[in-house]
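Remarks on the structure that follows.
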Amino acid sequence: MKKICTKISLIILIGIIMTACDTVKRVPDGKKLLKKNEITVNDKIEKDESISNLLYQKPNSTFLGYNLRLNLYNLAKENPDSTFKAKVIDNPKKYERLSTLLSKKQVERLGNSFFYSGFHKFLKRTGEPPVILDEARAKKSITRLKAYYFNNGYFNAKTSYAIDTLPNKKALVKYSVVTGEPYIIDSLTREIATPELDSLYEANKSKSVIVKGEQFKASNFEAERERINTNFRNNGAYYFQPTNITFVGDSIDTNHKTNMLLKISDRSVRVGDTIITKPFKLYKISEVNIFTDSQTGKNKEKVADSATYKGYNIYSVDKLRYKPKAITDAVFFTPGVTYADFRRTLTSRYLNNLRVFNSPSIQFVEDSTDVNGESLITNIYLMPRKKFSFGATADVTHSNIQNFGISGSLTGTFRNVFRGAETLELSLRGNVGSSTDFGVANPNDVFFNLSEYGADVKLNFPRVFLPFNTERIIPKNMIPNTVLSLGFAKQQNIGLDKESLTGGMYYNWNPKRNVTSRFDLFNIQYVKNVNKSNYFRVYQSSYGRLNDLAQDYATQINPSFFNDQNNLIIEEGTDGFIAGVTEGTISTTPEDQRVIESISERKTRLTENNLIFASSYTYTKTTKTDLLDNNFWIFKTKLESAGNFLGLISRLSDQPKNPNGNRTILEVEYSQYIKGELDFIKHWDLSNSKVLAMRAFFGIAVPYGNSDNIPFSKSYFAGGSNDIRAWQSYGLGPGSSGGINDFNEANMKILFSTELRFKMLGKLYGAVFADAGNIWNVLDSENNEQYTFTGLKSLEDMALASGFGFRYDFNFFVIRLDLGFKTYDPGKEVSERWFKDYNLGHSVLNIGINYPF
C-alpha cells in the first residue's frame, strides 16, 4: 500500500511540474527569454566560467539540464490576491456560505492563508523569474569583457555582441572578443620621494611581483601595491597608505611592450585649511600604556592603581587585578621597537586569546616630547569580561547508538582565577536517550533506556605552563596556551554501564599562519565496565553464534545451562559452555573451537577495564581563509604513544604481574601501543555554487609490550554518516569478514571519500558521492586471514559506497541527508560483490549536521 501511495504521489508531482513546463509562460509579448550566452575569444568558444561570470545577464539556472526553478516560479499565480478576490470576495454566494462557517474577518483573512497566498509566495521565493533579454545589459557586458582583457595585457582588445532570435520567444546572445597581441613588461623604474622608503624598497625589490618579460596583468600590480604597503608599514611607516602608490605605464610606439614607472609620493597633511606634503617618517615606540579596565579614550590620570613592569605602564581605575607579566606577555610593542603592523595584529590576537577581555582597542599618538617627531605612544584599552559567567544548553541529539536523545549542560566560567588571566571552567552534563539498536539491554521496555551524566573541570593558562623557560622553543608570537582537564562520566548506553575518569594536560600553539600544533603531555583515561554480566545481551550477534554452536554439542553440555526454550542462559550457560570448550571437557571440531575461543577473547577484550596513559602530538595546516572559502586544503597528522610511563612506574615499584603475565597498575592492565594518523581534505571551487570535495585518511595503531590488542576506545570502525555511507556505524569489516559482530572494529583503517556538491533550490543543495575504505587487524592478536591486512592484495577488501544526498543551509549550520548504496561489498563471495545490494531496500539513510568533510 505504501509503495502504491508513493508512486501515485510521484506521478501527481511530475504532472504538476509538467504543467509549468512552458518556460516562456511569464515572458511578455515582444520580449525574449535569454536561453543561452555564447562567448568566442579569437574565434574559439570560451568555456571558462570566470569569463562567463563577467556577463551582466545569465540564463535561468538548470538542474540536470531542466529549468526547475523557472518552472516552479511559473507554477505560482501571478496575482493570488486578485484571484482570491474574484473567487470569494466578489462571489456573493460563496462569500455568504463561508461567512456562515467563519466570521467575515476570518473569511477576508483567508486571502493571506498558505493555500491562497502563502503557497504561491513560496513558489516565487524558491523559484526564479524568467531572465528577459536586456540589450542594455549586453552592451554593459562587452564593456566589462573589454576591461577584463585590457587588465590582462590586451590593450587593443575588441568586443562585440549579436542577438540570434530562437523560436518560441527565446534568444541567444553571442559575444565576440578579439584580443590582439598582449603587451609585455619591458622595464620598471621608480620615483620614491622619501629617501627612507626608497631604501626600504631597494632592500626588498627582489621580492617584487612585477617581473620584466612577463605579460602585463593588473592583478600583479595590485599584489605589488599590497606587498610594498606591507613592507613599509612593518618597518615604521605608520602613516603610509596604498593610495600613495601609483603605477604609470607607457605603451605608445613600443611594439607591444610596456615601460612601467612606480611613483610613491610624499605624505599629504592638512594644516588648517591647507594641505601640504612632507616626507614619511619611520616611527619607533617610545612608551606603552595599558589601561586594564578603562573605556576607550580614558586618560591615565583617572586611575587608582598603577604598575611599571619592564618598560610598560599599567593603569587601573580600581585596584589592579592582574599580574603585570600576564598582560605584558600579550603585547608585542616595547619601548624602542620599530612600529610594525604585524605587532599590532599579534597583540590583538594574543589579548583576545586571554579570554578575559573584550576586543581590545590599540591606539597610537605621536610623542610630543620627541623633538624629531619620530616616536609614537602606544595606548592599549582593555575592557574586562565579567569575572563569572554562567551558561546552560539543551539539545535534541541523534548518534550512532541512540535514535533519540535529550542532552543538557550547565557551565560556569571563572576568569582571571590566579590574577594571571587564567580561565577555569566547571561543567555538569547529562543525557537521556532511546535506542532500539545494537542490542541495548532494556528489560523493562522503557522509552529512555540510555543515560549518561558527568562533570568536567578545565583550567586554561594563556602561556606555556612549565617550570622552565620555553621562549626559544615556543616564542610568545606563536600564542601558546596550556590546558589542564579532569573529568568523570557514568553512562548506560551499550548495556555495560561504563564509568570513566579522564585527565590531561596539553599545549596549543601556532607556529605559522594557518598552522596549529598540539602536544598532549599526558592524557589519562580509566574505563571501568560495571555490568560485565550483560555482555551477551548487548552483543547479540556473538550470543547468536555461540548459542547455535551450543545446539550442536547439547548432549555434552550441562542441561542447567539451557532455559525452557533450549537457549543458553546468560551468563551461567554462556560462560559454562565457553569454559567447557577451553578446558577440554566439551569436545568440538577444531574450527568450532577456534570460533568459540574467538568469541571468548572478544568478550574478555570488550569487558576488561582499560587504563590508558598516552602522550601525543598533532599538527594541522590549512589554506582556508574564512567560512566562505571553497577552494582550500587541510592536512592533519597525529602521533600517539601510550604505556611507556606506566611501564616504567610498574617496573620501578615492582608491581606484580597478573595471571596473563602482563604488568598492572593498581591491579589494572595498562595499555601499550603506538598510533599514527594522516588526514587530508581538499576542496575545489567549480564556481556557480558547485564544489568538489575529497578526503583521504589512513590510521594505524600497533600494540606492543603489555598489550596484544588496542583498547576499544582507541580502535577504528567503518560506516556511518561521516564515513562509508552505505554501511551503518561499526557495520563494515574488518576486511572481508562481513561485519558479523555487533560492533566491528580493528586497529588499521583506510578511507577515501569524494563528493560533488551543487545548488538546487534556494538554500537547498544536492550532492553525489562515493566512499571507499575498510578496517583491518594488523600486528595484533587477531590471526583470522579474513580480518587481517596481509599486503597489497588485502586492498581487494576495500568497500565501495556511492549515493546522493541533500543539504539545507541554515547559515549557521547545515542539515544533511545522504542515501548510500553498497556498490562493492567485500563481505560477500568474490562473484557476488559488485552491485548485488544496489537497491533502495538495502540502502542506508544517514542524517547529519554539517558536511562530512
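The values are calculated or read from the model by the stated rules, or taken from the named source; none is laboratory data. Quantities reported herein were computed from a predicted structural model and do not represent experimental measurements. As a convention, Cβ positions derive from the backbone with ideal geometry for all residues, glycine included, and neighbour counts pool all protein chains shown.
Taking the numbered list (1) touching a residue at least 24 places away in the same chain (Cβ under 8 Å); (2) more than 23 Å from residue 609 (Cα to Cα) in turn, residue 555 passes all entries but (1).
Considering only residues that are among the hydroxyl-bearing types (Ser, Thr, Tyr) and either more than 21 Å from residue 253 (Cα to Cα) or touching a His at 6+ places or on another chain (Cβ under 8 Å) (or both), which ones fall in the stretch 178-229?
Answer for the stretch 178-229, where residues must be among the hydroxyl-bearing types (Ser, Thr, Tyr) and either more than 21 Å from residue 253 (Cα to Cα) or touching a His at 6+ places or on another chain (Cβ under 8 Å) (or both): 183, 194, 199, 201, 206, 208, 219.
Within the stretch 250-257, one or more residues are in contact (Cβ under 8 Å) with a residue 40 or more places away in the chain, surrounded by 17 or more Cβ atoms within 10 Å (Cβ to Cβ) and either touching a Ser or Thr at 6+ places or on another chain (Cβ under 9 Å) or in the same structural domain as residue 156 (by TED's automatic domain parsing) (or both).
All of 681, 674 fail the test of being touching a Phe, Trp or Tyr at 6+ places or on another chain (Cβ under 8 Å), of a type in the set (Val, Ile, Thr), under 17 Å from residue 853 (Cα atoms) and surrounded by fewer than 21 Cβ atoms within 10 Å (Cβ to Cβ), apart from 681. Looking across the stretch 693-723 at every residue that is more than 30 Å from residue 524 (Cβ to Cβ) and at pLDDT 95 or above, the one that is surrounded by the fewest Cβ atoms within 10 Å (Cβ to Cβ) is identified as 694. Kindly provide the set of residues from the stretch 179-199 that are free of Cβ contacts under 8 Å to residues at least 60 places away in the same chain and either surrounded by 17 or more Cβ atoms within 10 Å (Cβ to Cβ) or in a strand (DSSP E or B) (or both), ordered by number. If the condition is that a residue be free of Cβ contacts under 8 Å to residues at least 60 places away in the same chain and either surrounded by 17 or more Cβ atoms within 10 Å (Cβ to Cβ) or in a strand (DSSP E or B) (or both), then no residue fits.
Condition first: in contact with a strand residue (DSSP E or B) (Cβ under 8 Å, 6 or more places away or on another chain), under 30 Å from residue 687 (Cβ atoms) and either modelled with pLDDT under 85 or not assigned by TED's automatic domain parsing to the domain that holds residue 160 (or both). Can you find one or more residues in the stretch 6-21 that meet it? Within the stretch 6-21 (the criterion being in contact with a strand residue (DSSP E or B) (Cβ under 8 Å, 6 or more places away or on another chain), under 30 Å from residue 687 (Cβ atoms) and either modelled with pLDDT under 85 or not assigned by TED's automatic domain parsing to the domain that holds residue 160 (or both)), the answer is no, since none of the residues qualifies. All of 545, 594, 513 fail the test of being in contact (Cβ under 8 Å) with a residue 40 or more places away in the chain and among the charged types (D, E, K, R), apart from 545.
When we screen 737, 753 for residues that are out of contact with any Lys or Arg (no Cβ under 9 Å at 6 or more places or on another chain) and either among the aromatic types (Phe, Trp, Tyr) or surrounded by 22 or more Cβ atoms within 10 Å (Cβ to Cβ) (or both), the only hit is 737. Taken over the stretch 215-253, residues that are among the polar types (S, T, N, Q) and in a helix (DSSP H, G or I) amount to 7.
Looking at the stretch 211-231 only, could you name the residues that are in contact with a Pro (Cβ under 9 Å, 6 or more places away or on another chain) and over 11 Å from residue 247 (Cβ atoms)? Correct list: 215, 226, 229.
Residue count for the stretch 469-489 under the criterion of being surrounded by 17 or more Cβ atoms within 10 Å (Cβ to Cβ) and among the basic types (Lys, Arg): the result is 1.
For residue 823, the conditions (1) at pLDDT below 95; (2) of a type outside the set (A, V, I, L, M); (3) touching a Phe, Trp or Tyr at 6+ places or on another chain (Cβ under 7 Å) all hold with the exception of (1). Residues in the stretch 19-71 that are touching a residue at least 60 places away in the same chain (Cβ under 8 Å), part of a loop (DSSP other than H, G, I, E, B) and either of a type in the set (A, V, I, L, M) or in contact with a His (Cβ under 8 Å, 6 or more places away or on another chain) (or both): 24, 27, 54, 55. Is it true that residue 339 is crowded, with 19+ Cβ neighbours inside 10 Å, within 30 Å of residue 220 (Cβ to Cβ), touching a strand residue (DSSP E or B) at 6+ places or on another chain (Cβ under 7 Å) and not assigned by TED's automatic domain parsing to the domain that holds residue 208? Judged against the criteria, residue 339 is a match.
In summary, strands (runs of 3 or more DSSP E) completely within the stretch 454-554 and bearing 1 or more residues that are of a type in the set (D, E, K, R) and over 22 Å from residue 668 (Cα atoms) occur at 515-529. Checking the structure you have, find out if any residue of the stretch 275-290 is farther than 28 Å from residue 192 by Cβ, among the hydroxyl-bearing types (Ser, Thr, Tyr) and modelled with pLDDT of 90 or more. No: zero hits. The number of residues in the stretch 782-816 being among the polar types (S, T, N, Q), over 19 Å from residue 730 (Cα atoms) and surrounded by 13 or more Cβ atoms within 10 Å (Cβ to Cβ) comes to 1. For the residues 240, 232, 280, 247, the requirement of being within 30 Å of residue 358 (Cβ to Cβ), surrounded by 15 or more Cβ atoms within 10 Å (Cβ to Cβ) and out of contact with any Cys (no Cβ under 8 Å at 6 or more places or on another chain) singles out 240. Do the conditions hold for residue 674, that is, is it of a type outside the set (Asp, Glu) and in a strand (DSSP E or B)? Here the answer is yes, as residue 674 does meet what is asked.
So is residue 679 modelled with pLDDT under 95 and either assigned to a strand (DSSP E or B) or among the acidic types (Asp, Glu) (or both) or not? Taking the combined requirement at face value, the residue does not satisfy it.
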